[in-house]
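Structure incoming, see below.
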Amino acid sequence: MNLLQRRVFLAASGFAAIAPAPANQNKRLPVQKAVLLSMLPKSLTTREKFQMAKDCGFAAMEVGTEPDPARSREIRQAAEQTGVRVHSVMNADHWRYPISSADPEVVAKSMQGMETSLRNAADWGADTVLLVPAVVDAKTRYQEAWTRSVAQIQKLIPLAEKLKVIIAVEEVWNKFLLSPIEFARYVDDFRSPWVRAYFDIGNVVLYGYPQDWIRTLGKRIVKLHFKDFQFKNDPLLRKRVAEFVNLRDGEIDWKEVHAALTEIGFEGTGTVELPGGDAAYLKEVSRRFDLILEGA
């Protein structure tokens with residue numbers, strides 16, 4: 001039976017309807033491009049920053065926690081006037097005041113910061129607050145970081161649900177959530193749709209492969225951070241160290257990342273997280289972002 005006869009046979013017998021279509025690994029990912037507000041030139045007004053982001057090809061913005069009501073209104077107005085949506089709020093206090101601390105005053109400050117972040121998100125129309133959930137250090141053991149952070153996040157879930165804002169925990173260089181299996185378990189233990197994963201593609205390259213983490217975390221991922229690194233040998237430290245480079249200039253296998261995101265069916269927003277620069281630089285970042293999303 002030749003190829004044409006086989007196709008006719010399959011169609012007539014009904015098998016064609018259930019035959020799997022070949023995967024198109026080069027299909028553009030349905031990911032909205034976003035940029036950090038802090039990457040825009042500091043000399044610009046807030047509205048000018050949002051407009052520059054739009055002009056450079058970004059449709060959304062990630063903004064830090066803003067406790068000042070006047071400044072918060074300014075951000076909301078800039079988003080409304082330019083059409084650049086604030087999609088996520090990066091909690092500003094999780095490093096200085098980790099919720100995994102043994103100090104009640106530190107935890108109280110962190111919780112207050114998270115409540116402000118959640119209310120900022122609701123006010124700006126964002127659906128996510130990024131939270132570094134814990135910091136393991138000489139004074140905080142791993143198990144303590146896990147137990148304490150879970151207890152505090154549980155307290156935040158009712159407010160997150162009321163405001164319809166997801167608490168998205170991120171893996172970062174905090175000596176916590178060091179494997180994709182562990183990250184998945186951490187999210188699952190909350191048994192809540194209001195706690196999900198904010199996956200940073202670049203943060204895991206020091207000790208893993210982002211495509212592996214993506215496939216393991218799967219639908220738990222609600223947002224993505226895009227960054228790239230190159231590694232060099234430091235003779236003084238006697239180890240390899242990483243430094244930020246523009247997207248596609250580092251050692252991340254972006255084709256594999258594209259394939260993994262395609263496999264899990266990710267649809268959402270990805271925020272580039274790199275050093276800031278002028279319009280020409282941001283347009284180049286945006287162009288490279290497009291190439292990644294296209295699987296080039």
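The values are calculated or read from the model by the stated rules, or taken from the named source; none is laboratory data. Keep in mind that this is a model prediction, so the values were computed, not measured. Cβ placement follows ideal geometry from the backbone for every residue including glycine, while neighbour counts extend to all protein chains displayed.
Going by the structure shown, is V136 surrounded by fewer than 21 Cβ atoms within 10 Å (Cβ to Cβ) and of a type in the set (V, I, T)?
The answer is yes for V136.
What single numbered condition from (1) in contact with a helix residue (DSSP H, G or I) (Cβ under 9 Å, 6 or more places away or on another chain); (2) farther than 18 Å from A197 by Cβ; (3) without any contact (Cβ under 8 Å) to a residue 60 or more places away in the chain fails to hold for A121?
All conditions pass for A121, except number (2).
Between a first residue in the stretch 277-290 that is in contact (Cβ under 8 Å) with a residue 40 or more places away in the chain and a second residue that is part of a helix (DSSP H, G or I) and not hydrophobic (A, V, I, L, M, F, W, C), which pairs have beta carbons less than 9 Å apart while being 6 or more apart in sequence or on different chains?
Close Cβ pairs (under 9 Å, with a partner that is part of a helix (DSSP H, G or I) and not hydrophobic (A, V, I, L, M, F, W, C)) amount to G277/E284; A279/D55; L282/D55; K283/D55.
The conditions are (1) within 28 Å of R288 (Cβ to Cβ); (2) at pLDDT 95 or above, and E66 fails exactly one of them. Which is it?
(1)
Inside the stretch 94-111, can you point out the residues that are of a type in the set (A, V, I, L, M), touching a residue at least 12 places away in the same chain (Cβ under 8 Å), closer than 19 Å to I167 by Cα and surrounded by fewer than 19 Cβ atoms within 10 Å (Cβ to Cβ)?
In the first step, residues of the stretch 94-111 are kept if they are of a type in the set (A, V, I, L, M); the result is 99, 102, 106-108, 111.
Remaining after also requiring touching a residue at least 12 places away in the same chain (Cβ under 8 Å): 99, 102, 107, 111.
Subset that is closer than 19 Å to I167 by Cα: 99, 107, 111.
Listed by number, the list holds a single entry, M111.
Right, something else. Within the stretch 53-75, track down each residue that is crowded, with 17+ Cβ neighbours inside 10 Å and charged (D, E, K, R). So that I can check it myself, show each step before the final result.
We begin by selecting, within the stretch 53-75, every residue crowded, with 17+ Cβ neighbours inside 10 Å; these are 53, 56, 58, 60-63, 65-66, 72, 75.
Within the stretch 53-75, E62, E66 meet the criteria.
Mind counting the residues in the stretch 72-107 that are of a type in the set (A, V, I, L, M) and more than 23 Å from the chain's Cα centre (by Cα)?
3
A further question follows. Might you check whether a residue that is in contact with an Asp or Glu (Cβ under 8 Å, 6 or more places away or on another chain), surrounded by 18 or more Cβ atoms within 10 Å (Cβ to Cβ), more than 20 Å from A34 (Cβ to Cβ) and modelled with pLDDT of 95 or more occurs anywhere in the stretch 225-242?
no
Here is a follow-up. Can you name the condition, by its number, that T45 falls short on among (1) modelled with pLDDT of 95 or more; (2) surrounded by 15 or more Cβ atoms within 10 Å (Cβ to Cβ); (3) out of contact with any Asp or Glu (no Cβ under 8 Å at 6 or more places or on another chain)?
It is condition (2) that T45 fails.
Continuing with this model, one more query. Hey, can you tell me all the residues within the stretch 31-51 that are outside any strand (DSSP E or B), more than 17 Å from R287 (Cβ to Cβ), in contact (Cβ under 8 Å) with a residue 60 or more places away in the chain and in contact with a strand residue (DSSP E or B) (Cβ under 8 Å, 6 or more places away or on another chain)?
Hit for the stretch 31-51 is S38, nothing else.
Just one of (1) crowded, with 20+ Cβ neighbours inside 10 Å; (2) in contact with a Phe, Trp or Tyr (Cβ under 7 Å, 6 or more places away or on another chain); (3) not basic (K, R) trips up I157, so point out which.
Result: I157 fails condition (1) only.
Also, I was wondering about something else. Can you tell which of I252, I221, I201 is over 20 Å from L274 (Cα atoms), hydrophobic (A, V, I, L, M, F, W, C) and surrounded by 13 or more Cβ atoms within 10 Å (Cβ to Cβ)?
Values: I252 fails: over 20 Å from L274 (Cα atoms); I201 fails: over 20 Å from L274 (Cα atoms).
Selected residue: I221, the only one of I252, I221, I201 that is over 20 Å from L274 (Cα atoms), hydrophobic (A, V, I, L, M, F, W, C) and surrounded by 13 or more Cβ atoms within 10 Å (Cβ to Cβ).
So how many residues does the stretch 203-228 have that are of a type in the set (A, V, I, L, M, F, W, C), touching a residue at least 40 places away in the same chain (Cβ under 8 Å) and more than 23 Å from T128 (Cα to Cα)?
1
Name, by its number, the condition in (1) part of a loop (DSSP other than H, G, I, E, B); (2) touching a residue at least 60 places away in the same chain (Cβ under 8 Å) that does not hold for V172.
Every listed condition holds for V172 apart from (2).
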